[in-house]
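In what follows, a single structure is set out as structure tokens and then discussed.
The values are calculated or read from the model by the stated rules, or taken from the named source; none is laboratory data. Keep in mind that what you see is a predicted model, and the values were worked out from it rather than measured. A quick note on method: Cβ atoms are made from the backbone with ideal geometry, for glycine too, and the neighbour counts reach across all protein chains shown. Ligands, DNA and RNA are excluded from the accessible area calculation, which covers all protein heavy atoms including side chains. Shrake-Rupley method; radii C 1.70, N 1.55, O 1.52, S 1.80 Å.
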Amino acid sequence: MKHIIMYTDGACSGNPGPGGYGVVLLHNNHRKELSGADPQTTNNRMEMLAAIIGLEALNQSCKVDIYSDSKYLVEAIQKGWAIRWKQNNWMRNKKDPALNPDLWERLLNLLSKHQVNFHWVKGHAGNPENERCDVLARAAIEKLVAKNNM
């Protein structure tokens, strides 16, 4: 089983507002970078979408270590919150709906196909791959905004 190291980051210009994501996939000496943008989104959605897009890029079941600076993403998986929200029909508790159920559903489905471990890394703290993901995400936003302003 291939072992993939994945770094992810999401960014938003305004929250909500135009957003972007960046992904770096590493396997042995191979490297793949992915990015994209959405004209109206939130930072949390872009953080989640980065992990989803990275996992969707894998063409076989893999062991994956995902490094993200999003505590929202990492803790929801590590602490089992996302699974519990799904079991409770996307409710966080009896009154409050879970946010982003469409993306949680996609992510949980992908997690069932791979052996995934999430790791939290401090953002903007000099981790080269995390910094690269931030650059990719922000560049995707800039490209989207420039295209829409033409």
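For this structure, a couple of remarks:
- Karplus-derived 3J(HN,Hα), 6.51/-1.76/1.60, for each residue of the range 83-93, Hz, glycine and proline x: 5, 5, 4, 4, 4, 9, 6, 6, 10, 6, 8
- Highest-MSF residue in the chain out of Leu25, Leu55, Leu103 [GNM, Cα springs under 10 Å]: Leu103
- Accessible surface of the chain, 1.4 Å probe, proportion on carbon and sulfur as whole %: 49
- Given Lys63/Lys122; Lys71/Lys95; Lys32/Lys143; Lys71/Lys94; Lys63/Lys94, the pairs whose alpha carbons are separated by over 27 Å: Lys63/Lys94
- Solvent exposure of the range 106-148 amounts to 60 Å² per residue of accessible area, where only protein heavy atoms count and the probe is 1.4 Å.
- Full extension of the chain between Gln78 and Lys147 gives 21.1 nm of extra length, using 0.36 nm per residue less the Cα-Cα distance.
- Computed on the chain, with alpha-carbon pairs under 8 angstrom and 6+ residues apart, the relative contact order is 34 percent.
- For the pair Glu33 and Val121 in one chain, pulling the backbone fully straight at 0.36 nm per residue adds 29.8 nm over the alpha carbon distance.
- Applying the Karplus relation 6.51 cos²θ - 1.76 cosθ + 1.60 with θ = phi - 60° to the range 130-135 yields 3J(HN,Hα) values of 5, 5, 5, 4, 5, 4 Hz, where x marks Gly and Pro.
- Springs join every pair of Cα atoms under 10 Å in this Gaussian network model of the chain, and among Ser112, Ser70, Ser13 the largest mean-square fluctuation is at Ser112.
- What separates the Cα centres of the range 12-47 and the range 113-150 is a distance of 5 Å.
- Phi angles of the range 107-123 translate, via the Karplus equation with coefficients 6.51, -1.76, 1.60 and θ = phi - 60°, into HN-Hα couplings of 5, 4, 4, 5, 5, 6, 9, 9, 9, 10, 10, 9, 10, 8, 10, 5, x Hz per residue; Gly and Pro are given as x.
- In this structure, Met91 and Asn59 have a Cβ-Cβ separation that, at R0 = 35 Å, corresponds to a calculated FRET efficiency of about 0.50.
- The alpha carbon gyration tensor of the chain gives principal lengths a ≥ b ≥ c with a/c of 1.5 or higher and a/b no greater than b/c, which makes the shape oblate.
- Highest-MSF residue in the chain out of Asn29, Asn44, Asn127 [GNM, Cα springs under 10 Å]: Asn29
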